[in-house]
Structure formats: structure tokens, C-alpha cells
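Below is one structure, written out as C-alpha cells; the observations come after it.
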Amino acid sequence: MSCAKILIIEDEAIEAMDIQQRLVSFGYPLPDVAYSGEEGVKKVEKTQPDLVLMDIMMPGKIDGIDAAEQIRSRFDIPIIFLTAHTDENTLRRAKITKPYGYIVKPFMERELHITVDIALDRHKMEGELRKKEKWLAATLRSIGDAVVATDEKGLITFMNPVAEVLMGYKIEEARQRNLAEVFNIVNSDTRQPVENPVTRVILEGNIVGLANHTVLISRDGKEIPINDSAAPIKDDHGNILGVI
């Protein structure tokens, strides 16, 4: 039996009761019900459910889509839309709220069961992924070496504080700029530019290091001797997603 709390936001009492009974038959606790968008937002704030089943067409000042947008912006709670309306304009508005699914009325019991289970599992996995991303970002920000990450085109996606200090750019200034624009490296003896390590990594697909006697020229013109290594970031199929 799942202990997930589900809130049904549906203005038709009979339909709401039917959905309640179906969810209970699936093993979920008896869901709470709200009969308008305004009431639904208040109940979400008060009860913090694990999932919301939202009728798109609701009476009152805000419809289901408006209520879903408020819930999405204020709370990390997945929403599944219940709707008898599949016109393009309604679906376009609904997509903006990033729902976890749509169930078109009238729906089969199995369709409801599968959609609810998938939404809950997906939200759980996304939450675990966000935790891992935050942990990784905190680790990279706190280590003593300068760390820079780019996408597969060599555009900067991440810089830790040490890299910001050395290069003289904040990540807000450098993000989506080509690494070569802010990572100015030359040979200290010949004064010739050193090849961008990202270019070599993407071409060779392996970890590469800089030659000896490489200096970084920061934004203010200060020269800093550096050692460097660059490694590809690959997906499960070996495709290069970027470089760190």
C-alpha cells in the first residue's frame, strides 16, 4: 500500500468521489478534495500532498491551469491534469505549468492507476537527482582547485569561486561564452597562445593536460602560472556532453 497523499481538485462532487474511491482501491489513503482552484491552492499549502489531480476547467477566479501555476511556483508538488477539453489553446496553456501527465475524461481505471504511479515515481527520481546535483555543485564550489565546465560546443556552463578569482569573471558574466574568450592562456617563454584544451578533448575524447610553462592571463592582465587537465564528460553511450 502506498502512503502517498493525493489531493483531488475537482468541482464536480460525484466525479471527485468516484476518483477518491478508485484511488483507495489502488491502495492509496483516502484523498482530500477541493472544489475550486482557490480552495485547492490553500489545501496544498496546508496539507502538502505528494500529488495533485487537477481538473482544468474550474469555477471561481482561477481555473485549474492558474491554480496549477501557483502550486508549481510555490511548492514542489507534481500535478496531473484531468480534462475533457483537448483543444490546442487549453493544452498550450497547460503545458506551461509542466504537468506530470494528462488524463482525458472519461478515463479507464487502469489509465488513472498507471498515470498516478508514474508521476509519483518520476517526482521521486527527480528529487533524488536534484539532491545529487546540489551535492556535486557544492563539492565543486568548495574545493581548492579552479574548476570550469563547458558544453560540447565549448561554451561555459559552470565555474567555481576559485576559477572566478583566477580568470576575473563571475559565472554570470562567463556563462554561455566560449571558454577561449575568458580562459586566456599563453606559453610563458614564446608568448604564443596555447591550444584550448576543450578543443583537444572534444577531438580526442580523452583527458589532456597543458604543456609546461603555461600562464593564464586574467581579466586585469595579471599572469598566473598554471597546471591544467581537461576531461570529457560522457553519457552512458560514450557521447561527449561537455568538458571539465
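Read the figures in this text as sums done on the coordinates, not as results from a lab. A quick note: this is a predicted structure, and the numbers were derived from the prediction, not measured. Glycine gets a Cβ as well: all are built from the backbone with ideal geometry, and neighbour counts include every protein chain shown.
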Rounded, prolate or oblate (a/c below 1.5 giving rounded, otherwise prolate when a/b exceeds b/c) for the range 75-135 by Cα gyration tensor: oblate
Please state the Cα pair-distance histogram of the chain with 5 angstrom bins from zero: what percent is in each bin? 1, 6, 11, 13, 12, 8, 6, 7, 8, 8, 7, 5, 3, 2, 1, 0, 0
Cα-projected label distance for residue 42 with residue 98, points at 7 Å along beta-carbon direction, nm: 2.8 nm
What's the angle, to the nearest 10 degrees (0 to 90), between helix 37-47's Cα axis and the longest principal axis of the chain? 70 degrees
Full extension between residue 89 and residue 141 adds, at 0.36 nm per residue less the Cα distance, a length in nm of 14.4 nm
Listed by chain and number, the residues whose amide H is under 5 Å from that of residue 32, excluding neighbours fewer than 5 places away on the same chain and using placed H, are 6, 8
Place the peptides 151-158, 221-228 in order of packing, highest mean first, counting for every residue the other Cβ atoms within 10 Å and averaging per peptide. 151-158, 221-228
If amide hydrogens are placed 1.01 Å from N in the peptide plane, which non-local residues have theirs closer than 5 Å to the one on residue 168? 219
Once the Cβ-Cβ distance between residue 220 and residue 176 is put in as r, and R0 is 22 Å, what FRET efficiency do you end up with, to the nearest 0.05? 0.45
Quick one: which residues, 5 or more positions from residue 62 or on another chain, have an amide H under 5 Å from its amide H? H modelled 1.01 Å from N in the peptide plane, none for Pro or chain starts. 37, 38
Quick check: the angle from helix 64-74's long axis to the longest principal axis of the chain, C-alpha only, nearest 10 degrees? 40 degrees
Given a cut-off of under 8 Å on Cα pairs at least six residues apart, what relative contact order in percent is computed for the chain? 11 percent
Could you sort 61-71, 95-105, 137-147 so that the peptide with the highest average Cβ count within 10 Å comes first and the rest follow in order? 61-71, 95-105, 137-147
Can you give the extra length, in nm with one decimal, that the chain gains between residue 192 and residue 212 once fully stretched, where that is 0.36 nm per residue apart less the Cα-Cα distance? 5.9 nm
Three-way shape label, the range 166-226, alpha-carbon gyration tensor, a/c 1.5: oblate
So between residue 18 and residue 74, what do we pick up on full extension, going 0.36 nm a residue minus the alpha carbon distance? 17.3 nm
